[in-house]
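Notes to accompany the following structure.
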């Protein structure tokens, strides 16, 4: 396999099949656009398992995505998609930047859920986009954007139920989309790195906010999510 791309938390390798890639999960953890960094042993193993399980769950529930199968503790086989350079954030409960930027109280329920768009650009610090910005920059067509919003909403409803079954509130999450054989499908990863997850009983964070805000042991929290998923959904 040949390394073709390395990001903050994952590596992407080519395969003999032109339509597939291997996604490798690293132990690196970053925050604030790479200003804060640390490695956590086995974090990549945990995130690979969680993301694979979630994408399998979504596929069963008719959300097309790039996941094919988990190959090893750190690797999964994925469809080769052409990534649309937009990060899509879905918010169910106020936390993070929306509280800081708009003065909204943390923990406030958001109904209906908010969908936000950000340009996928480290150099520009991932600026927020309106739908008009997206169309003006030709990041995707109006029809494709409507499909992205539709999939994001359906994914959110499914993930709320998925996490509710393991006693976790889905506060918000970030996803990416790509084109595969002219269709818009879900891509990247869904894990505690890309979601805000709060324990239903204690409201304690079980996600990367622990690292961002230096408020506990990241691996302990990720392992709680891992163990609950393994117990409830391991057969996926």
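The values are calculated or read from the model by the stated rules, or taken from the named source; none is laboratory data. The model shown is predicted, which means the values in this text are computed figures rather than measured ones. Ideal geometry is used to build each Cβ from the backbone, glycine not excepted, and the neighbour counts take in all protein chains shown.
Rundown of residues vs (1) crowded, with 23+ Cβ neighbours inside 10 Å; (2) in the same structural domain as residue 155 (by the TED database); (3) farther than 25 Å from residue 206 by Cα, yes/no style:
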site: 40; (1), (2), (3): no, no, no
site: 44; (1), (2), (3): yes, no, no
site: 48; (1), (2), (3): yes, no, no
site: 51; (1), (2), (3): yes, no, no
site: 56; (1), (2), (3): no, no, no
site: 59; (1), (2), (3): no, no, no
site: 62; (1), (2), (3): no, no, yes
site: 67; (1), (2), (3): yes, no, no
site: 71; (1), (2), (3): no, no, yes
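Collect the residues in the stretch 206-236 that are under 16 Å from the mean Cα position of the chain (by Cα) and without any contact (Cβ under 8 Å) to a residue 60 or more places away in the chain, keeping them in residue-number order.
Across the stretch 206-236, the qualifying residues are 206, 207.
What are the pairs with Cβ atoms under 8 angstrom where one residue, in the stretch 65-79, is in contact (Cβ under 8 Å) with a residue 60 or more places away in the chain and the other, located anywhere, is surrounded by fewer than 18 Cβ atoms within 10 Å (Cβ to Cβ) and not in a strand (DSSP E or B)? Sequence gap at least six, or different chains.
Between residues of the stretch 65-79 that are in contact (Cβ under 8 Å) with a residue 60 or more places away in the chain and residues that are surrounded by fewer than 18 Cβ atoms within 10 Å (Cβ to Cβ) and not in a strand (DSSP E or B), the close pairs are 65/59; 77/15; 77/71; 79/19.
I'd like to check which strands (runs of 3 or more DSSP E) are fully inside the stretch 61-112 and have at least 2 residues that are within 19 Å of residue 125 (Cα to Cα).
The strands (runs of 3 or more DSSP E) meeting that bar are 86-93.
Would you check which residues across the stretch 173-203 are in contact with a helix residue (DSSP H, G or I) (Cβ under 8 Å, 6 or more places away or on another chain) and farther than 26 Å from residue 144 by Cβ and list them?
Residues satisfying the conditions are 192, 196, 197, 199, 200.
When you scan the stretch 110-141, how many residues do you find that are surrounded by 10 or more Cβ atoms within 10 Å (Cβ to Cβ) and farther than 16 Å from residue 173 by Cβ?
18
So which of 12, 84 ends up being over 20 Å from residue 217 (Cβ atoms) and either touching a helix residue (DSSP H, G or I) at 6+ places or on another chain (Cβ under 9 Å) or in the same structural domain as residue 149 (by the TED database) (or both)?
Exactly one of 12, 84 is over 20 Å from residue 217 (Cβ atoms) and either touching a helix residue (DSSP H, G or I) at 6+ places or on another chain (Cβ under 9 Å) or in the same structural domain as residue 149 (by the TED database) (or both), namely 84.
Exactly one condition in (1) free of Cβ contacts under 8 Å to residues at least 40 places away in the same chain; (2) more than 30 Å from residue 3 (Cβ to Cβ) is false for residue 121; which is it?
Evaluating residue 121 over (1) free of Cβ contacts under 8 Å to residues at least 40 places away in the same chain; (2) more than 30 Å from residue 3 (Cβ to Cβ) leaves (2) as the failure.
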